[in-house]
Amino acid sequence: MLKKILKLDEELAQDVPRSHKVHSVAALFDTPDEITHAARETSNAGYDKFDVYTPYPLHGMDAAMRMKDTNIGKFAFLAGLTGITVAVSMIGWMSGIDYQNIIGGKPYFNLTASIPIMFELTILLTGLFCVFGMLLLWNKLPQISNPLHDTNFMKYASSTRFGVAIEAEDAQFDVEKVKAFLAGVGGKDIEVVYYPEENIQKTSPIFEKKFIYLLIVVAVVTALGGYGAIGKLVNILPFDWMHNQFRVNPQTRSDIFKDGRSMQRPVDGTVARGFMPYEYTGMPDSLVKLLSNPVPMNEFSIERGKKQYNTYCSPCHGYFGAGDSRMNNQFPNPPTLHSKKVRDWADGNIYNVMTNGQNVMPSYAKQISRDDRWAIVNYIRVLQRAENAKDTDLP
Amino acid sequence: MESINKPIPDKISKLGYLLTGIGLLIIVVSFLVDKQRGAFDYLWIYMFLTSVGIGGLALTALEYLVGATWSVPFRRVCEFLAGIIPLLVILVMPLIFSMHDLFHWTHPEAVANDPILKAKAPYLNMNFFMIRVVFCILVWFLFYYFFTKNSKKQDTSKDPALTRKNIKLSVAFAPLFFISLSIAAIDWMMSLEPHWFSTIYGVYYFAGTIVCTLAIVTFISIHLKENGYLSPRLGNDQFYSLGTLLFGFNIFWGYIAFSQYILIWYADIPEETYWYMMRWHNGWQYVSMGLLFIHFVIPFLVLLPRSVKVNLKTLKIMSIWMVFAHMLDLYWLIMPTYSKSPVLGWQELGIFFFAPGLIMIVFGMKASKENLTPVGDPKLEAGLNFTL
C-alpha cells in the first residue's frame, strides 16, 4: 500500500512543470544524529538561509541550527495587550456607560468582575492572532505552495528520513559548492530544487477571478442555505411536552359540536353555578341602599376584601382609598373613598357602584365575584374607620 | 557519569550558624518582651520553613511521578531542602506552648459563648489539633525518609529498581501530600480567624509553597553551577525549564488568589468579607496591594520573555524576589490577626536571619555527606543531555 502511494506521489511530482530558477539544494540523511551534525556544520559554514525538515520534532535542533530568537513572543505579547484592551473597553462601554445596571450593589464598571473576561479575551486574541499571523507571515498566505512540495526530497523528509535544504537566497550560495559541501557532511540523494513554473509566472491562484467568484458563490449559498435550514431546524421540537393535545381551545374550530365551534352559548333559561342575577341595574340610590350586606364583617372577610381591593381597586383608588395612586394626573383623577358622601353611603350603594360602574369606572361584576364585592365593601369600611379614628378607638 | 567531588566549603555552614544564631536571639528576646507578638512572628517563620521543607519533598516526588528527566541533576537540591522536615518536630514546639496566644478557639470561655465556635469544636479542639499536627509531620517525615534512603542507596548501587520503588512511593505520596498540606494550612493559618473559611485555602498555600521552593531550588542550583559544583554539561535548557515552571506556578498562585477573592467579593457576605476587610484597612491595604504587585504583576511581566529565563543572572535575581514574595504572602496571611495595622519592628527581622540560616545549615550538613548530583540515577544521563 505504502509503496503504491509513494509511486503515485512520484508520478504526481513529475507532473509539476519546473522552471530553471533554482530554489535550493537539498540533501537527505538517515539518522537524527546525522541531521543534527549536518545542521551544525551548515550553520558553522556560514549559511543562514537554510532549513531542516524532519518527520517529527527533534530536541536540540534549534541550538544546532543556531536559530535566533523569533519575534513570536513579542507578537503574541502585543496580541495579548490588544485582547486585554478590547476587553476593558468593551466592558467599560457596555456596563460603565451604555447600559448601566446596578448588579449586587457593585459599581457600574468594576475591575474585579471584568478580570475573568480580560483573561479570556487576552488568551483568545493571542491564540487567534498567532494562528492568522502564522498563515499570513510564516506561510506567506497568497503563496499556496512551497517549491519543496512534490519533490523526491520532501517525500522522504516527511516520512522516513531527515533533510536539509540550503536556499538560493543565501549570500554565499553557489550550486556546485553547496552540492560539494552537502556531500562532504554526509548528505545523500542530493537534489537541486527548481521553482515550479506557476510559482514565478502567475500571480497567486488565490487572486484568480475564478477562485474569488467561487468564494462568493460559496458564501452566498452557505448564508442562504444556513438561513433557510435554521428557520426549519429551530422549529423542530425534540420533545413537545404536551404542547399539542386534543383539547378545546377558546375561539377555535371543534368537531365535537354540530356547528363546528369550540365555544357554545348556554342553554336558554339556565344560570351558571354560583351566579346570582343582579336586578338593581339603573335603580336610584335610595332603592339600592336597602340592599343588605350578606357577608359578615369578620377577620376572614376583611382579609379577603383586602386582597381583592389591592388587586382591583388600588390601581386607581390607592392602597388606602385616598385616591392617591400613580394614576393621578394621568387620567381623570380617581375620587377618594374617605369623602363624607361615601362614608354616609349604605353598603348597598358601594356594592352598586362596583357592580354597575359609575362615570369612567367600569363594572367589575365580571372580574370580582358577588361575595368578594361584598368583602371589599367590608374592607373599605375598615379603611374609612382607620382614616377617621376616634379617641375611643385607642386601646 | 563522572561525579564532581568538589566539597561545599565550610563557610556556608558557618554563615548558616551565624545567621541562625542571630535569628534565634531575636526570636527568644521577642518571646520574652511580648509573648504574643513573638508567637505570631515565630508562626510566620515556622510556616515558611514548612513551605520549604515539604515543597522540596513535593518537587522530589513530582519528578518521580511524571518521569521527568531534565530535573534529575537538580533533585539533590530538593532533597536537601526537604531535610528541614525532621527539624519540624523541634521547630513546632514553641508554637505548641503558645497556642493560647495564637488561637482564639483554644480559650474555653470564648468557645462557650460563641455558637459558631461551639459548632466547630469537634474539629477545632486541642486534642484533635495535636493529632493532626503529629499526623502531618509523620507523613512528611516517613516519605522523606524513604525517598532519600532509596535515592542515596542508588548512588552506589545504581539499581534502577530503586527508581521504580520511588515512583510507587510518589504515587502514594501525592494524595497524602495534598491532604496533609491542606490540613497544615487550615490548622495553622486559617484557624487564626476561626469564624472565617475558604475552601480554596489549602490550594492557595500549596501554590505559594511550590513557587517559593522552586525559587530556592533555582537560586541554589544556579549558584552551585556558577561556582562549578554541578556538571558543566548542565546547559541553559534545564535552567530555562526551572524558570518556566517558576513562572507557571506563579501564574497559578495568582489564579488561585484571584479565584478566592472574586467569589468572596461577588457574594459580599459579611461572614466571609471581613477577612479581606481586615486586610484593607489601617495600612494593611498597602501590604495587600504590594502583595499583588510583588507576588504577581511584576514577576509576571519580568519572567514573561524567554530571554530572562535563559539568562542565569536575571533568573537568580527573580528567584530571590519570589522567595521574598512568599514571605510577604505568609506575613499577609498571618499577621493581620495579631495587629490591626501592619507591624514591622526588630521582632519581624527574625525570619530573614533564622530561615536562610537554617536552610544553609541543613544544606551544608547534607552536602558534606552526600553527592550533589544523584550519580546513580538511570535518568541522569538523559537529564544532562536534555535540550529543548
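The values are calculated or read from the model by the stated rules, or taken from the named source; none is laboratory data. Computed from a predicted model, the values in this text were never measured in an experiment. As a convention, Cβ positions derive from the backbone with ideal geometry for all residues, glycine included, and neighbour counts pool all protein chains shown. These accessible areas exclude ligands, DNA and RNA; they are computed on the full protein's heavy atoms, side chains included. Shrake-Rupley method; radii C 1.70, N 1.55, O 1.52, S 1.80 Å.
Please indicate, with yes or no, whether at least one residue in the stretch A:323-331 is crowded, with 16+ Cβ neighbours inside 10 Å and on the phi > 0 side of the Ramachandran plot.
yes
With the condition kept exactly as written, say whether any residue in the stretch A:65-76 is open to solvent by less than 100 Å² (accessible area, probe 1.4 Å) and in contact (Cβ under 8 Å) with a residue 40 or more places away in the chain.
Yes, the stretch A:65-76 contains a residue that is open to solvent by less than 100 Å² (accessible area, probe 1.4 Å) and in contact (Cβ under 8 Å) with a residue 40 or more places away in the chain.
Test B:Glu271 against the criterion of being charged (D, E, K, R) and more than 23 Å from B:Leu312 (Cβ to Cβ), and give yes or no.
yes
Search the stretch A:372-383 for residues that are not assigned by TED's automatic domain parsing to the domain that holds A:Asn352 and pair each with any residue that is open to solvent by 10 Å² or more (accessible area, probe 1.4 Å) when their beta-carbon atoms are under 6 Å apart and the residues are at least 6 apart or on different chains.
Short answer, once both residue conditions are applied: none.
Looking at (1) closer than 26 Å to B:Leu242 by Cβ; (2) surrounded by fewer than 17 Cβ atoms within 10 Å (Cβ to Cβ); (3) more than 14 Å from chain A (Cβ to nearest Cβ); (4) more than 24 Å from the chain's Cα centre (by Cα), which is the one condition that is false for B:Met365?
Single failed check for B:Met365: (4).
Please pick out the residue among B:Leu301, B:Leu349, B:Leu292, B:Leu315 that is open to solvent by 50 Å² or more (accessible area, probe 1.4 Å), under 16 Å from B:Leu245 (Cα atoms) and modelled with pLDDT of 90 or more.
Being open to solvent by 50 Å² or more (accessible area, probe 1.4 Å), under 16 Å from B:Leu245 (Cα atoms) and modelled with pLDDT of 90 or more holds for just one of B:Leu301, B:Leu349, B:Leu292, B:Leu315, which is B:Leu301.
Taking the options B:Ile200, B:Ile222, B:Ile183, name whichever one is open to solvent by 10 Å² or more (accessible area, probe 1.4 Å) and either farther than 26 Å from B:Met322 by Cβ or out of contact with any Gly (no Cβ under 9 Å at 6 or more places or on another chain) (or both).
Every option except B:Ile200 fails the conditions.
It is to be established whether one or more residues within the stretch A:22-35 are open to solvent by 50 Å² or more (accessible area, probe 1.4 Å) and assigned to a loop (DSSP other than H, G, I, E, B).
There is at least one residue in the stretch A:22-35 that is open to solvent by 50 Å² or more (accessible area, probe 1.4 Å) and assigned to a loop (DSSP other than H, G, I, E, B).
Search the stretch B:219-229 for residues being under 18 Å from B:Pro374 (Cβ atoms) and in contact with a Phe, Trp or Tyr (Cβ under 8 Å, 6 or more places away or on another chain), and hand back the single one that is modelled with the lowest pLDDT.
Looking at the filtered set, the residue picked out is B:Lys225.
Conditions first: (1) more than 28 Å from B:Ile262 (Cβ to Cβ); (2) not in a helix (DSSP H, G or I). B:Ser151 passes all but one, so which condition is the exception?
Against the list (1) more than 28 Å from B:Ile262 (Cβ to Cβ); (2) not in a helix (DSSP H, G or I), B:Ser151 comes up short only on (2).
Any idea which of B:Asn371, B:Asn385 is within 14 Å of chain A (Cβ to nearest Cβ), open to solvent by 30 Å² or more (accessible area, probe 1.4 Å) and among the polar types (S, T, N, Q)?
Result: B:Asn385 is the single residue among B:Asn371, B:Asn385 that is within 14 Å of chain A (Cβ to nearest Cβ), open to solvent by 30 Å² or more (accessible area, probe 1.4 Å) and among the polar types (S, T, N, Q).
What do you reckon, is B:Val139 open to solvent by less than 80 Å² (accessible area, probe 1.4 Å), touching a residue at least 24 places away in the same chain (Cβ under 8 Å) and among the β-branched types (Val, Ile, Thr)?
yes
If B:Phe129 meets every condition in (1) assigned to a helix (DSSP H, G or I); (2) surrounded by fewer than 19 Cβ atoms within 10 Å (Cβ to Cβ) apart from one, which number is that one?
(2)
Does B:Tyr286 qualify as being of a type in the set (Phe, Trp, Tyr) and within 12 Å of chain A (Cβ to nearest Cβ)?
no
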